[in-house]
Protein chains: 2
Amino acid sequence: MLPSNLPPFSFEVVAECAHTRARAGLLHTPHGTIETPVFMPVGTQATVKGLTQRALAQDLGVQILLANTYHLYLRPGHELIGRMGGLHRFMSWPNAILTDSGGFQVFSLRGLRKIDEQGVVFQSHLNGDQHRFTPESTVDVQLALASDILMVLDECPEYPVSHEYARQSMHRTVRWARRANEHFRRRTAESPPQSLGPGQSLRPGQSPTGTAHALFPIVQGGLFADLRRECANALLDLDTDGYAIGGLSVGEPRPLSLEAVEATEGILPRSKPRYAMGVGMPAELPEYVARGVDMMDCVLPSRNARNGCLFTSGGRVIIKHTRYKDDPRPLDEKCQCYTCASYSRAYLRHLFQSGEILYAVLATWHNVRRYLDIMREIRHAIVSGSFPEYLRYVRSAPVDVE
Amino acid sequence: MLPSNLPPFSFEVVAECAHTRARAGLLHTPHGTIETPVFMPVGTQATVKGLTQRALAQDLGVQILLANTYHLYLRPGHELIGRMGGLHRFMSWPNAILTDSGGFQVFSLRGLRKIDEQGVVFQSHLNGDQHRFTPESTVDVQLALASDILMVLDECPEYPVSHEYARQSMHRTVRWARRANEHFRRRTAESPPQSLGPGQSLRPGQSPTGTAHALFPIVQGGLFADLRRECANALLDLDTDGYAIGGLSVGEPRPLSLEAVEATEGILPRSKPRYAMGVGMPAELPEYVARGVDMMDCVLPSRNARNGCLFTSGGRVIIKHTRYKDDPRPLDEKCQCYTCASYSRAYLRHLFQSGEILYAVLATWHNVRRYLDIMREIRHAIVSGSFPEYLRYVRSAPVDVE
């Protein structure tokens with residue numbers, strides 16, 4: 001529980017690396033304290049595909065999940081989730097939730113979308129219906145979801161874009177962030193945090209969980225360092241509880257993603273958490289942390305798990321390979337997860353080849369655990385002063401199991 | 001653990017209903033004691049679709065699973081499972097396993113199959129390859145799997161068949177049962193039960209788990225009472241550890257299935273467990289028990305769960321119905337399962353509509369629990385002398401939730 005002298009959201013830096021920009025911290029939220037650097041598993045449709053909330057919270061120790069506003073807005077709808085008491089209660093999740101603004105999904109849709117100063121019009125991928133997101137409406141949607149950490153609507157350009165387009169888009173994203181932040185402050189001021197008793201119903205505009213929320217603006221600017229810096233400087237005025245770095249993992253070469261993060265590290269306040277959106281591969285996690293990142297999310301551990309790509313302490317295991325068909329060893333002998341404690345590679349391969357649901361469950365369980373273990377290793381290295389050595393070790397490690 | 005004065009397999013009747021043929025018993029096996037009447041969840045491909053072995057054993061208290069010889073023979077192959085130490089070790093399952101003979105799958109295949117006195121030739125549904133099952137070979141396959149309870153190869157005719165075809169088929173099934181039983185006794189005599197130490201390898205013919213096995217013959221005879229009785233009488237000579245009743249759930253009207261079971265109740269020895277294969281709906285479970293059945297299995301709880309049909313103490317819930325979209329109640333307020341303790345109907349419906357893996361997990365969890373709860377209620381009623389009242393209650397209960 002929160003110490004009573006702390007506001008609902010606060011961030012403490014508890015250790016800093018002397019040689020990189022890495023730091024270990026504690027992010028206090030109304031749904032628990034999060035040890036940073038943290039990796040947030042993705043629960044797109046109010047579920048991390050294949051895992052129960054019990055496995056996530058109790059077995060894996062997940063302190064914060066990400067959910068996708070776009071998907072929940074379309075199905076089952078944010079009003080319904082709001083009536084059900086918010087996303088925590090709807091999906092029976094006890095810990096913190098961060099929601100994106102829906103912008104990324106809208107801009108990665110293949111269908112019709114039209115952007116103007118007001119917002120973006122898009123078609124549902126489910127039935128083609130036309131919808132509009134504005135900076136204000138996505139705050140309203142996320143407040144109905146009652147997520148702990150909300151994101152502003154941003155435009156997330158594809159890679160590559162011209163400097164001129166990136167500049168115009170970034171300026172619009174900044175204007176949207178201001179509008180979103182004003183709307184968020186107005187909305188949360190009119191419905192001060194209060195707890196909702198059993199059987200009490202919500203007044204219009206009231207947050208369904210009655211707890212406080214934080215809003216993060218998003219640094220954009222394509223892969224142009226000058227635009228990234230200009231964007232970060234412009235967002236500082238908003239004085240929000242944290243900052244996100246968007247526009248990564250949109251097809252650019254990996255070194256450029258790291259450079260985009262580096263560009264603003266010295267501008268974003270070190271007293272606030274920084275969230276690099278949509279990254280990354282296991283070996284990239286400490287690279288982002290070395291550049292001052294505190295929070296990350298990615299579908300890779302869960303999606304790759306389902307596709308047969310498993311991350312272990314010895315590298316990747318492509319489970320369909322014939323060499324695993326009678327391999328009695330656990331997937332990762334150094335891993336303490338339920339999957340590795342209970343099952344062999346041969347059994348996992350059999351389940352994968354047979355298209356069994358249990359494969360997705362066990363594979364996701366392991367991969368999420370692997371990501372969380374990496375984050376624990378990173379945090380431990382920062383706190384114990386050995387992060388540079390850890391980074392060297394990760395850089396020299398093989399990608400695939402020998 | 002087994003009392004030392006009991007053989008590896010033994011069956012005790014601990015209570016009998018004074019008004020029906022129902023009884024409560026204990027079936028002792030090398031992998032634990034099973035309280036009967038028992039429902040066995042189906043783990044076709046060495047997994048109960050959607051559930052971890054931990055959920056099955058620890059959360060649900062499943063004492064015995066069924067696995068399908070046909071499927072495991074084709075993929076990953078019984079030799080592989082044998083080399084991996086048998087099915088228990090392969091799938092990491094601590095409790096008892098019953099395997100069918102593969103006959104039911106072979107005879108329900110649409111593809112080419114050819115039956116003769118020797119056995120049956122069939123095509124793999126996976127790749128069309130031709131295979132042959134004989135009464136002897138399916139014993140060998142099941143011994144490689146090292147299941148606790150094996151079934152003999154039987155012919156399972158469709159419904160309807162002529163009396164003449166049913167008679168000829170039944171006689172062949174009896175001849176096959178004799179051959180299977182002789183082969184089983186020879187095989188198990190040459191590899192006496194002994195425990196296999198870590199690192200020890202198997203000798204040819206040795207059971208991979210080094211434990212004892214039981215073989216059940218199967219009563220057939222279509223839906224003709226005279227043939228059923230003749231079959232049961234012929235099988236008595238085999239003096240096996242239990243008897244199965246097959247040829248049910250092949251499209252016949254439900255009352256006829258019960259009559260087929262009734263026909264042989266007085267013939268099959270009351271000192272041995274009776275297993276009605278492939279049944280049934282929740283309301284049918286006590287009907288079979290009332291007719292002397294001790295063991296049942298069915299894909300219904302798991303398959304129907306995945307298809308959106310959930311069994312509750314108040315009747316069936318078809319979860320896709322719009323009326324559940326904002327229903328905050330648990331699926332079954334009287335149920336103690338993880339699903340009902342944690343999630344609402346609205347959330348389950350959302351997961352179902354979204355095609356989420358977690359839907360299959362939570363739905364199967366509940367439905368299997370519901371079946372096990374029914375079996376516990378039945379056993380409790382028998383032991384406490386109230387089984388006739390329980391039966392009347394079940395017969396008057398609504399099929400669907402009001």
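Quick notes on this one:
- Distance (nanometres) between label positions extended 7 Å along Cα→Cβ at A:GLN58 and A:SER386: 3.3
- Database note for chain A: Cys without another Cys beta carbon under 4.7 angstrom, A:CYS17, A:CYS156, A:CYS231, A:CYS298, A:CYS309, A:CYS337.
- When each of A:LYS114/B:LYS320; B:LYS49/B:LYS334; A:LYS320/B:LYS49 is checked by Cα-Cα distance, pairs over 30 Å: A:LYS114/B:LYS320
- Of the peptides B:216-225, B:236-245, A:392-401, A:233-242, the ranking by mean beta-carbon count within 10 Å, highest at the top, reads B:216-225, B:236-245, A:233-242, A:392-401.
- Peptides B:378-388, A:368-378 ordered by average Cβ neighbours within 10 Å, highest first: A:368-378, B:378-388
- C-alpha long axis of helix A:163-190 to longest principal axis of chain A, angle in °: 70
- Shielding score for A:356-367, defined as the mean number of other chain Cβ atoms within 10 Å: 4
- Just so you know, the Rg over Rh for chain B is 0.96, from Cα atoms, with Rh as the Kirkwood radius.
- For B:ASP129, the label point sits 7 Å beyond Cα toward Cβ; its separations from the matching points on the remaining copies run 5.0 nm, from shortest to longest.
- Modelled spin-label separation between B:ASP239 and A:GLU158, with each label point placed 7 Å from Cα along the Cα-to-Cβ direction: 7.9 nm.
- C-alpha long axis of helix B:254-265 to longest principal axis of chain B, angle in °: 50
- Among beta bridges that DSSP assigns inside chain B, antiparallel share in %, nearest 5: 50
- Inter-chain shielding of B:41-48 (mean C-beta neighbours from other protein chains, 10 Å cut-off): 4
- Within the stretch A:379-402: backbone nitrogen closer than 15 Å to the A:ARG254 label point (7 Å, Cα to C-beta): A:391-401
- The Cα-based radius of gyration and maximum Cα-Cα distance (Dmax) for the protein assembly as shown are 30.4, 91 Å.
- FRET efficiency for A:GLU265 and A:ARG376, using Cβ-Cβ distance with R0 set to 22 Å, rounded to 0.05: 0.45
- Other-copy label distances relative to B:ARG175, 7 angstrom Cα-Cβ extension, nm: 8.9
- Solvent-accessible surface of the stretch A:45-186, averaged per residue with a 1.4 angstrom probe and all protein chains in place: 36 square angstrom.
- When the other protein chains are added to the chain by itself, burial of at least 40 square angstrom of heavy-atom accessible area (probe 1.4 Å, ligands and nucleic acids ignored) affects these residues of the stretch B:89-115: B:PHE90, B:SER92.
- Charged side chains reduced to their Cβ positions (Lys and Arg at +1, Asp and Glu at -1) give the protein assembly as shown a dipole of some 280 debye around its Cα centre.
- Computed from the C-beta positions of B:GLU117 and B:GLU333, the FRET efficiency with R₀ = 56 Å rounds to 0.50.
- Considering only the stretch B:1-127, percent of DSSP beta bridges that pair antiparallel, nearest 5: 75
- If the segment from B:ALA341 to B:ARG323 were pulled out straight at 0.36 nm per residue, it would be longer than the present Cα-Cα gap by 4.4 nm.
- Antiparallel content of DSSP bridges confined to the protein assembly as shown, in %, to 5: 50
- Unit Cα scatterers, Debye sum, the stretch B:297-402: log10 I(q)/I(0) for q = 0.10, 0.15, 0.21, 0.24 Å⁻¹: -0.29, -0.61, -1.08, -1.32
- Over the stretch B:14-53, the hull volume per residue, using the convex hull of the C-alpha atoms, is 99 Å³.
- Label geometry 7 Å along the beta-carbon vector: B:GLU389 inter-copy distances in nm: 7.2
- In this assembly, the B-A interface accounts for approximately 3300 Å² of buried accessible surface in total, computed with a 1.4 Å probe and without ligands, DNA or RNA.
- Shielded residues, the stretch B:330-348 - accessible-area loss of 50 Å² or more between chain alone and all protein chains, probe 1.4 Å: B:TYR338, B:TYR347
- Peptide-level mean, for A:50-58, of C-beta atoms on other protein chains within 10 Å: 4
- Element breakdown for chain B at a 1.4 angstrom probe: carbon and sulfur atoms account for 50% of the accessible area.
- Nearest 10 degrees, 0 to 90: helix A:387-396 Cα axis against chain A principal axis: 60
The values are calculated or read from the model by the stated rules, or taken from the named source; none is laboratory data. Just so it is clear, the model here is predicted, and its values are computed rather than measured. For neighbour counting, all protein chains shown are included, and Cβ atoms are generated from backbone atoms with ideal geometry for every residue, glycine included. Quick note on the areas: whole protein, heavy atoms, side chains included, nothing else; ligands and nucleic acids left out. Shrake-Rupley method; radii C 1.70, N 1.55, O 1.52, S 1.80 Å.
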